[in-house]
Amino acid sequence: MAKQSVWTNSDGLPVGFGSRTTETTVGAQPRTGGMRQEVILEINGTDLADTDVARQLAYGVTIPADALLESAKLFVTTAFAGVNPVMDIGTYAAATGSAVDDDGIDAAIATATLVDNVVIACDGALIGTVLASDQKIGVTYDTAAFTAGVATLVVEYVLESP
């Protein structure tokens with residue numbers, strides 16, 4: 001976490017002041033906590049494609065095979081807009097990028113649902129299942145493109161015991 005100004009206190013610990021700056025351009029990040037893990041993916045509606053999820057997958061984090069996909073929540077921070085687009089959230093093979101289940105986390109989330117400050121509990125077919133292979137998360141639209149919208153997707157999963 002780069003800071004604008006850093007001071008070292010008498011114990012030798014650095015103390016940062018000012019705004020945080022970005023250290024990486026990765027749009028997704030894993031958060032670890034033992035067997036329970038989560039992936040956080042920032043979604044910009046204008047960056048989504050109908051079928052090409054290469055851009056989203058490039059920033060994605062791999063969820064390992066045999067992980068239990070426990071839950072997913074979509075936090076909308078800026079309302080989505082467009083002429084009747086719907087959002088699909090799914091998984092893609094980590095090795096090839098081919099669709100495993102392109103709407104397995106949630107399917108056809110309507111624009112009217114994607115309003116400011118809403119939390120959507122995803123309920124796709126993969127929620128509550130164990131993944132058969134290493135997979136990444138991808139987000140696409142159907143019908144038409146989004147013209148606006150920003151959200152954060154949080155996917156929680158549990159690793160197979162060692």
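The values are calculated or read from the model by the stated rules, or taken from the named source; none is laboratory data. Treat the numbers as computed from the prediction; the structure is a model and nothing was measured. Calculation scope for accessible area: heavy atoms of the full protein, side chains included, ligands and nucleic acids excluded. Shrake-Rupley method; radii C 1.70, N 1.55, O 1.52, S 1.80 Å.
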Heavy atoms of SER133: accessible area, 1.4 Å probe, square angstrom to 10: 50
MET35 - accessible surface, heavy atoms, 1.4 Å probe, Å² rounded to 10: 80
Between the range 59-80 and the range 109-162, the Cα center-to-center distance that results, in Å: 5
